[in-house]
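A.B. asks: Below is the structure I would like to discuss, written out as structure tokens.
The values are calculated or read from the model by the stated rules, or taken from the named source; none is laboratory data. This structure is a prediction, so every number in the text was calculated from the model and none was measured. As a convention, Cβ positions derive from the backbone with ideal geometry for all residues, glycine included, and neighbour counts pool all protein chains shown.
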Amino acid sequence: MLVLLVLGGYFITTSEQAAQEVKEKEDAGEEVRPVGLARFPFQLGLDLQGGAQLIYEADMTGITDPQEQRRRMNSLRSLIEQRVDGMGVSEPLVQVERGGLAGGGEHRLIVELPGVTDLEEAVETIGKTPLLEFALIDQDQAEEITPENELEVNDEESVDIEEKAEEPEEETEEGVMDDIFQRTELDGSMVAGARYEMNPTTREHMVIVEFDREGTRIFREITQQHQGEPLAILLDGVPISQPVIREVIRGGEATISGGFTMQQARDLAEDLEMGALPVNIELMSTETIGPTLGQDVLEGGVLAGVVGLMLVAVFLLLWYRLPGLLAIAALGLYLVIMLSLFKLLPVTLTAAGIAGFILSIGMAVDANVLIYERMKEELRNGKPLREAIADGFSRAWLSIRDGNVSSMITAIILYWFGTSLVQGFALVFFVGILVSMLTAISVTRTFLLACTAEHEARVLRVLFNSGLSKAAPIKDN
Amino acid sequence: MFVVKFRKIFLGLSAFLALASLVLIGVLGLNWGIEFTGGTMLEVAYQEGQVPEQEKIEQQAKGVYPERSFTIQQAGEYSYIIRTSELEEEEFGTLVQALSFDGYEAEEKRSSSIGPSMGEELRNKALVAIVVVIAAIILYIAYVFRQVSYPVSSWKYGVTAIVALVHDILIPVGLFAVLGYWLGAEIDVLFVTALLAILGFSVNDTIVVFDRLRENLRNNEENETEEPFEETVGRSLKQTYTRSINTSLTTLFVLGALYLIGGSVTQYFALVLITGVVAGTYSSIFLASPIIVELEEKQRLKTAAGK
């Protein structure tokens, strides 16, 4: 037990130090990949580190198939994720809200931007309609960037375009890009659909793009005039693919293939499909928290936790004497396990979560209190110390179980129903109950038995008694 | 045990407090936060020694949006919290700018803006959560105490625990009706979370007492001891109240620390919990057990009349 306590404490402090160092380097502008223990920092919620949270609701009127709804939400999410990544925010979070038992919520998108306080700018960047464009490439300059485009003939009938897979990121400056790309009339609004397919014979991953009527016409003209030239597909100005036009395409369906991994092909199909937003979104709520406020809350919470803990420790020691000391050790173990879990799982800490944790410190001793009170009672009834401990323990167990199970039911329901804020609290509360029960029981049991295995002296009885009661003499049976 | 003997007095006190809370809630109403009503909240901080008066802030706000109504409230020494109906992002920016004036510099500390439909959804969610928690607890207690149906049917333990729960929730809500009316304390998501935590705490407390009662009843049966139900309840209470009080004390220690030094965000949260824990401890000792005694008495009189 002691080993566990020390190990856990060591893990928490060193990993926090390592994480701090990484953070300092990052702040200094260095690219650092956290390794070793630094991979486990405390995850602070937005309300503790400051930042902005935006919640969007997708308009799903007319889309009833739940699978289709989910698909659209996912494409929306990855699209917005791209946009947010472009903002240069560290560790942004974009997630589809999970619907609770009470229903609703599954068509929401939550965007969290740590450190961002300019709401207007954030809303603008995220909310603008994504732009899908098709552009011809200025041959002279393009040679320098994409010298590897190849023309290959494929037997498959529908395959009209071949491309060498490109990394989506171009390291060219924006201005140069504008010179290279000559935008065509064709854009995302003319894409009727795009899908991923696998060529059954070559087992190549491909993306099939379909245009609408106008798109088909424009696409035909472009392919007529620019045979043999590359045609770039740009999303928000960033080229995501640069296939070469091999022949005139009249049917309004183009196949892009060559060198994709399945994931790349799927992503591209999704990007193309999203040329128009998969669903209309509306901003439902926004929240910003200044960095100083979050800092205050965090410091206050930690301080309150430490002071509360000390008060509890003093009380336990005064009231329960030796077992009180054991209870403090159990509480220490509880703290270490909880903090390690916060780091390992990881649990995102919010103001509510910290409050829940502090509350759990007070309640964690409950199991100990129950056992000790029962033990004292057995002692008063004149049982020998060892028997009193064993009986006190086994009789208190039912109460501990029933009480904690009901608290856990509450925590589970809270988690199901709650918004992210409440979920943070519920998770900490639930884990706290479970861990406190385990530590209190196992630690108490082991320690007590170890303490009393050898001898039974009157001194020990005094130490085990508590509060205002006097040690009862041992009755002879 | 004096608690059982003078149970009418303790029951009366509980009933009075619960009723008073109900009346306060009814008369004063509850100060719902924008999380439940929808709207925009903004907290701005000014520099030390350069904090404008509340009226001036209201004038500035009204100056930009004359048709809106604003609730302005001082928070701490240098900060103000401003609430109004939902603002668009641009409107919001304009308002923040308007709050820096005449050399006063406003710094945005936090803000939140919530659409009305979302508020309504949250309100429903909170309500459903509370109801489901209560239902789940009745079921659990009835299940755990299923073997103890003599002399009181097991579901009555569940119902009694719920009466205690409702009592424990009504009192903090009543307190908040008062605080909301005079100090502008708001019912927000944290408040609801605190209420649900109280539910867990309170039922835990009550269960421990009932658990002891169950054990004593079983022992009496085994040893064929004749003991009036009243006395068994009294004995069980006597055996458990130290534990109830001690656990509450340790919980109150940490909550007190959270309230006094934990910062403004979780201050009211801590206060709700403190009230709830006190009410919960009271109810597990002075309310739940007396009710069980009363219920048993009724049942006994009824069977006696039936014979």
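A.B. asks: Just checking, how many residues over the stretch A:388-398 are among the polar types (S, T, N, Q) and touching a Lys or Arg at 6+ places or on another chain (Cβ under 7 Å)?
C.D. replies: Count: 0.
A.B. asks: Is it the case that the stretch B:234-255 has a residue that's touching a Gly at 6+ places or on another chain (Cβ under 8 Å), within 10 Å of another protein chain (Cβ to nearest Cβ) and small (Gly, Ala, Ser)?
C.D. replies: For the stretch B:234-255, residues touching a Gly at 6+ places or on another chain (Cβ under 8 Å), within 10 Å of another protein chain (Cβ to nearest Cβ) and small (Gly, Ala, Ser): present.
A.B. asks: Then there is this: Evaluate the stretch A:324-335: report whether one residue or more is closer than 26 Å to B:PHE145 by Cα, under 38 Å from the mean Cα position of the chain (by Cα) and in a helix (DSSP H, G or I).
C.D. replies: no
A.B. asks: Failed condition for A:TRP416, given (1) facing chain B (nearest Cβ under 7 Å); (2) modelled with pLDDT under 85, with all others met?
C.D. replies: That leaves (1) as the condition not met.
A.B. asks: Another question, then. Please tell me if B:GLU58 is outside any helix (DSSP H, G or I) and surrounded by fewer than 19 Cβ atoms within 10 Å (Cβ to Cβ).
C.D. replies: So B:GLU58 does not fit the description; no.
A.B. asks: Taking the stretch A:304-358, which residues are within 20 Å of A:ILE433 (Cβ to Cβ) and free of Cβ contacts under 8 Å to residues at least 12 places away in the same chain?
C.D. replies: Once the filter is applied, which keeps residues that are within 20 Å of A:ILE433 (Cβ to Cβ) and free of Cβ contacts under 8 Å to residues at least 12 places away in the same chain, the stretch A:304-358 yields only A:LEU345.
A.B. asks: So which of B:PHE36, B:PHE6 is of a type in the set (A, V, I, L, M, F, W, C) and closer than 30 Å to B:LEU237 by Cα?
C.D. replies: Answer to the check: B:PHE6.
A.B. asks: What is the number of the single condition among (1) more than 9 Å from chain A (Cβ to nearest Cβ); (2) within 13 Å of A:THR286 (Cα to Cα); (3) among the hydrophobic types (A, V, I, L, M, F, W, C) that B:PHE101 does not meet?
C.D. replies: Unmet condition: (2).
A.B. asks: Scan (1) surrounded by 14 or more Cβ atoms within 10 Å (Cβ to Cβ); (2) within 12 Å of chain A (Cβ to nearest Cβ); (3) touching a residue at least 40 places away in the same chain (Cβ under 8 Å) for the single condition B:GLY76 breaks and write down its number.
C.D. replies: So B:GLY76 meets the others, but not (1).
A.B. asks: Which condition number does A:LEU385 fail, the rest of (1) within 11 Å of chain B (Cβ to nearest Cβ); (2) buried (at least 20 other Cβ atoms within 10 Å of the Cβ) being met?
C.D. replies: Looking at each condition in turn, A:LEU385 falls short on (1).
A.B. asks: Would you check which residues across the stretch B:104-121 are aliphatic (A, V, I, L, M) and either more than 7 Å from chain A (Cβ to nearest Cβ) or without any contact (Cβ under 8 Å) to a residue 60 or more places away in the chain (or both) and list them?
C.D. replies: B:ALA106 - this is the single residue of the stretch B:104-121 that is aliphatic (A, V, I, L, M) and either more than 7 Å from chain A (Cβ to nearest Cβ) or without any contact (Cβ under 8 Å) to a residue 60 or more places away in the chain (or both).
A.B. asks: Would you pick out the residues in the stretch B:197-226 that are more than 8 Å from every other protein chain (Cβ to nearest Cβ) and out of contact with any Leu (no Cβ under 9 Å at 6 or more places or on another chain)?
C.D. replies: B:PHE210, B:ASN216, B:LEU217, B:ARG218, B:ASN219, B:ASN220, B:GLU221, B:GLU222, B:ASN223, B:GLU224, B:THR225, B:GLU226
A.B. asks: When you scan the stretch A:147-236 for strands (runs of 3 or more DSSP E) that lie fully inside it, which ones turn up with 1 or more residues that are among the aromatic types (Phe, Trp, Tyr), in contact with a helix residue (DSSP H, G or I) (Cβ under 8 Å, 6 or more places away or on another chain) and at pLDDT 50 or above?
C.D. replies: Strands (runs of 3 or more DSSP E) meeting the threshold: A:191-198, A:205-211.
A.B. asks: A follow-up question, please. Checking the conditions here, which among B:ILE134, B:ILE82 is under 28 Å from the mean Cα position of the chain (by Cα) and in contact (Cβ under 8 Å) with a residue 60 or more places away in the chain?
C.D. replies: B:ILE134
A.B. asks: Please work out if B:VAL192 is assigned by TED's automatic domain parsing to the domain that holds B:ILE137, β-branched (Val, Ile, Thr), surrounded by 23 or more Cβ atoms within 10 Å (Cβ to Cβ) and closer than 20 Å to B:LYS125 by Cβ.
C.D. replies: yes
A.B. asks: Based on what the data block shows, is B:GLN47 surrounded by fewer than 18 Cβ atoms within 10 Å (Cβ to Cβ), within 22 Å of A:ASP118 (Cα to Cα) and polar (S, T, N, Q)?
C.D. replies: yes
A.B. asks: Being within 23 Å of B:PRO116 (Cβ to Cβ) and more than 17 Å from the chain's Cα centre (by Cα) is the filter; apply it to the stretch A:41-72 and report the residue that is modelled with the lowest pLDDT.
C.D. replies: A:THR61
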